[in-house]
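Novice: I have a structure here, written as structure tokens, and I will follow up with some questions on it.
The values are calculated or read from the model by the stated rules, or taken from the named source; none is laboratory data. Computed from a prediction, not measured in an experiment: that's the story for all the values here. Positions of Cβ are backbone-derived with ideal geometry, glycine not excepted, and every protein chain shown enters the neighbour counts. With ligands, DNA and RNA removed, areas are computed over all heavy atoms of the protein, side chains included. Shrake-Rupley method; radii C 1.70, N 1.55, O 1.52, S 1.80 Å.
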Amino acid sequence: MKKIGSFLLFLMMMAALPAQDFQCQLSVNSQQIAGSNRNKFNTLQQELYKFINDRKWCQYTLKTNERIECAIQITLSEMSGDTYTGTMTIQLQRPIFNTNYKSPVLNLQDKNIKFTYEEGAPLEYAENSNLSQLTSLIAYYLNIFLALDFDTFSLNGGEPYYTLAQGIVNACQTATEPGWKSYETGQRNRYWMTENLTNPTYSKIHEFLYKYHRLGLDVMSESVDVGRASVLDAIRDLQKVNSQKSNIYIVQIFVQAKSDEIVNIFKEATPVEKTEVVRLMKQLDPSNSAKYNAINQAN
């Protein structure tokens, strides 16, 4: 009876644990702030980790192997009282079916973050409200992670999370902190990332994500040729968006994340595929045109 009671207690404790949606590597780097209290930043890192993992973000119950694999690195450069400025490096990767390979989906640096943090104060957050600039920043990118990840598994699967990200952008329109408004930083900020991802004019972006990953990379363990053809078709979709409006932020984000992977995928493609993908990538990423010559130079 004692063993049964212990087992039931264990089950109850497991049921009480939060259902984790993310496998998130989180770090707070304060080395640029001379003479600061490092314990404060250790506490901040621990509190942010709990904020991410102790809260339910996804409407579905994800299995352990389905959790979103991502990384957030906050690098602080200035401190004024309890107000901090710096950068945030954002990375998202996706496992590829039947392989050990993880494909990069997002790899960018948010160069303009600013928030207030008082050690010991709770990290407060509520949907459609800007209770804390720090939690709004983290929640925004977590919803972007969910949206992009779901888009790679089903066409337009990320739509609910783009809506939540848009709600955060809307709530931050009256914030004094940078990165949320249409007129800032040359259309290279959170406002424009969300606008690009929710604008029906650029709907081919979502087709790109689905074709590239679910119909492309996930198929390669069974047929490299079929999978590679779908990846090429996805790149065509991305170029269609680029032809609508050149150099838009979200296209450049995906090109930055995918360029090295695309070079590796097409090094063993057919001559016709090589010619087309090099042409497309040089249109999408003209400043790095030389990189794509490696595709044609491969045997």
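Novice: Is region 275-289 home to any residue that is among the hydrophobic types (A, V, I, L, M, F, W, C) and either open to solvent by 80 Å² or more (accessible area, probe 1.4 Å) or over 20 Å from Lys240 (Cα atoms) (or both)?
Specialist: No, the conditions are met nowhere in region 275-289.
Novice: Within region 179-205, can you find the residues that are part of a helix (DSSP H, G or I) and either under 16 Å from Gly157 (Cα atoms) or open to solvent by less than 20 Å² (accessible area, probe 1.4 Å) (or both)?
Specialist: Matches in region 179-205: Arg190, Met193, Thr194, Asn196, Leu197, Thr198, Pro200, Tyr202, Lys204, Ile205.
Novice: Taking region 258-270, which residues are crowded, with 20+ Cβ neighbours inside 10 Å and either assigned to a helix (DSSP H, G or I) or polar (S, T, N, Q) (or both)?
Specialist: To start, the set of residues in region 258-270 that are crowded, with 20+ Cβ neighbours inside 10 Å comprises 258, 262, 265-266, 269.
Lys258, Ile262, Ile265, Phe266 - these are the residues of region 258-270 that are crowded, with 20+ Cβ neighbours inside 10 Å and either assigned to a helix (DSSP H, G or I) or polar (S, T, N, Q) (or both).
Novice: Count, please, the residues in region 134-163 that happen to be open to solvent by less than 50 Å² (accessible area, probe 1.4 Å), part of a helix (DSSP H, G or I) and not β-branched (Val, Ile, Thr).
Specialist: Residues meeting the conditions: 17.
Novice: Within region 62-79, identify whether any single residue is in contact with a Lys or Arg (Cβ under 9 Å, 6 or more places away or on another chain), assigned to a loop (DSSP other than H, G, I, E, B) and closer than 16 Å to Leu148 by Cα, and answer yes or no.
Specialist: Scanning region 62-79 turns up no residue that is in contact with a Lys or Arg (Cβ under 9 Å, 6 or more places away or on another chain), assigned to a loop (DSSP other than H, G, I, E, B) and closer than 16 Å to Leu148 by Cα.
Novice: Quick check, is Asp225 of a type in the set (D, E, K, R), more than 27 Å from Leu62 (Cβ to Cβ) and surrounded by fewer than 18 Cβ atoms within 10 Å (Cβ to Cβ)?
Specialist: When the stated conditions are applied, Asp225 passes them.
Novice: Considering region 199-218 alone, what residues qualify as being free of Cβ contacts under 8 Å to residues at least 24 places away in the same chain and in contact with a helix residue (DSSP H, G or I) (Cβ under 8 Å, 6 or more places away or on another chain)?
Specialist: Leu215, Gly216
Novice: Now for a different question. So, Ile295, is that one out of contact with any Leu (no Cβ under 8 Å at 6 or more places or on another chain) and assigned to a helix (DSSP H, G or I) or not?
Specialist: Considered against the rule, which asks whether it is out of contact with any Leu (no Cβ under 8 Å at 6 or more places or on another chain) and assigned to a helix (DSSP H, G or I), Ile295 comes out as yes.
Novice: Let me ask another. Taking region 31-69 on its own, how many of its residues are more than 11 Å from Asp21 (Cα to Cα), under 20 Å from the mean Cα position of the chain (by Cα) and open to solvent by less than 30 Å² (accessible area, probe 1.4 Å)? Working first, answer last.
Specialist: Residues of region 31-69 more than 11 Å from Asp21 (Cα to Cα): 31-51.
This time we only want the ones that are under 20 Å from the mean Cα position of the chain (by Cα), so: 45, 48-51.
Imposing the further condition that a residue be open to solvent by less than 30 Å² (accessible area, probe 1.4 Å) reduces the set to 48, 51.
Counting residues in region 31-69 that are more than 11 Å from Asp21 (Cα to Cα), under 20 Å from the mean Cα position of the chain (by Cα) and open to solvent by less than 30 Å² (accessible area, probe 1.4 Å) gives 2.
Novice: Sticking with this one: If a residue has to be within 18 Å of His213 (Cβ to Cβ) and over 15 Å from the mean Cα position of the chain (by Cα) to count, how many in region 70-112 make the cut?
Specialist: Total satisfying the criteria: 6.
Novice: Please state which of the following conditions Glu119 fails to meet, knowing it meets all the rest: (1) free of Cβ contacts under 8 Å to residues at least 24 places away in the same chain; (2) over 23 Å from His206 (Cα atoms); (3) part of a loop (DSSP other than H, G, I, E, B).
Specialist: The failed condition is (1).
Novice: Here's another thing I want to ask about it. Are any residues in region 162-182 of a type in the set (Ser, Thr, Tyr) and in contact (Cβ under 8 Å) with a residue 24 or more places away in the chain, and if so, which ones?
Specialist: Hits for region 162-182 are Tyr162, Thr163, Thr174.
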